[in-house]
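Presented below is the structure to which this report refers.
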């Protein structure tokens, strides 16, 4: 599974708050750096930058921890 980083960012901005995306990426930044991501490219992701399944799991775990919500399955169904 692959998902565009910009899709996740836009979803956070629309459904939570623009600061939610920043909080999430700061929380998982050490693990994302190990995967080749840097803060500046996560704050303003290119349209072609993708999260693989492992990075998406980091995102969803942080989303649950910080906001006690899950990324909606219906959104996942639309983008796959």
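Out of curiosity, is residue 71 at pLDDT below 95, touching a helix residue (DSSP H, G or I) at 6+ places or on another chain (Cβ under 9 Å) and surrounded by 14 or more Cβ atoms within 10 Å (Cβ to Cβ)? Reasoning before the result, please.
Working: at pLDDT below 95: yes; touching a helix residue (DSSP H, G or I) at 6+ places or on another chain (Cβ under 9 Å): yes; surrounded by 14 or more Cβ atoms within 10 Å (Cβ to Cβ): yes.
Spelling it out, residue 71 is indeed at pLDDT below 95, touching a helix residue (DSSP H, G or I) at 6+ places or on another chain (Cβ under 9 Å) and surrounded by 14 or more Cβ atoms within 10 Å (Cβ to Cβ).
Consider residue 45 against the criteria (1) in a loop (DSSP other than H, G, I, E, B); (2) buried (at least 16 other Cβ atoms within 10 Å of the Cβ); (3) free of Cβ contacts under 8 Å to residues at least 24 places away in the same chain: it satisfies all of them except one. Which criterion is unmet?
(3)
With the requirement that a residue be touching a helix residue (DSSP H, G or I) at 6+ places or on another chain (Cβ under 9 Å), surrounded by fewer than 13 Cβ atoms within 10 Å (Cβ to Cβ) and part of a helix (DSSP H, G or I), what does the stretch 20-38 give you? Explain how you work it out, then say what you get.
Within the stretch 20-38, the subset touching a helix residue (DSSP H, G or I) at 6+ places or on another chain (Cβ under 9 Å) is 20-29, 31-33, 35, 37-38.
Within this subset, residues satisfying the condition of being surrounded by fewer than 13 Cβ atoms within 10 Å (Cβ to Cβ) are 33, 35, 38.
Answer for the stretch 20-38, where residues must be touching a helix residue (DSSP H, G or I) at 6+ places or on another chain (Cβ under 9 Å), surrounded by fewer than 13 Cβ atoms within 10 Å (Cβ to Cβ) and part of a helix (DSSP H, G or I): just 33.
The values are calculated or read from the model by the stated rules, or taken from the named source; none is laboratory data. As the structure is a prediction and not an experimental result, all values here were calculated from the model. Because the Cβ atoms are built from the backbone with ideal geometry, glycine has one as well, and the counts that use them run over all protein chains shown.
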